[in-house]
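The values are calculated or read from the model by the stated rules, or taken from the named source; none is laboratory data. Values in this document were obtained by computation on a predicted structure and should not be read as measured data. Cβ atoms come from the backbone with ideal geometry, glycine included; neighbour counts cover every protein chain shown. Remember, those area values only see protein heavy atoms, side chains included, never the ligands or the DNA or RNA. Shrake-Rupley method; radii C 1.70, N 1.55, O 1.52, S 1.80 Å.
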Amino acid sequence: MKTRFSKATVLAAVLCSASVWAATPDGFITAKTKLSLMTTAGVRSTAVHVDTNDGIVTLYGKVPTAQAKSAAEKATTEVGGVREVKNLLQVVPES
């Protein structure tokens, strides 16, 4: 009986902590987001900076159009592990 109880306790502890192990590392999310932005039409990935904290991605920098701003946000939301996107990109038309 005692062995059954300790096995159940260990199993419960492992199942409760499984979500912590399943979280995608922030550095990996940042790298995947930058790669995604490189292939997004209308977005100059060198002008967009990416920070990730606990799965929340913040985009900042300058883009030439509102469409580019929207495209960057859409591409970011499609990256695995992203929980939320804070789009702080500024639209500054090229002269």
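Residues Thr65, Thr39, Thr30, ordered by accessible area of protein heavy atoms at a 1.4 angstrom probe radius and largest first, appear as Thr39, Thr65, Thr30.
What the Cβ-Cβ distance of Thr65 and Ala23 gives, at R0 = 35 Å and to the nearest 0.05, is a FRET efficiency of 0.55. Taking all protein chains together and rolling a 1.4 Å probe, Lys34 ends up with roughly 100 Å² accessible.
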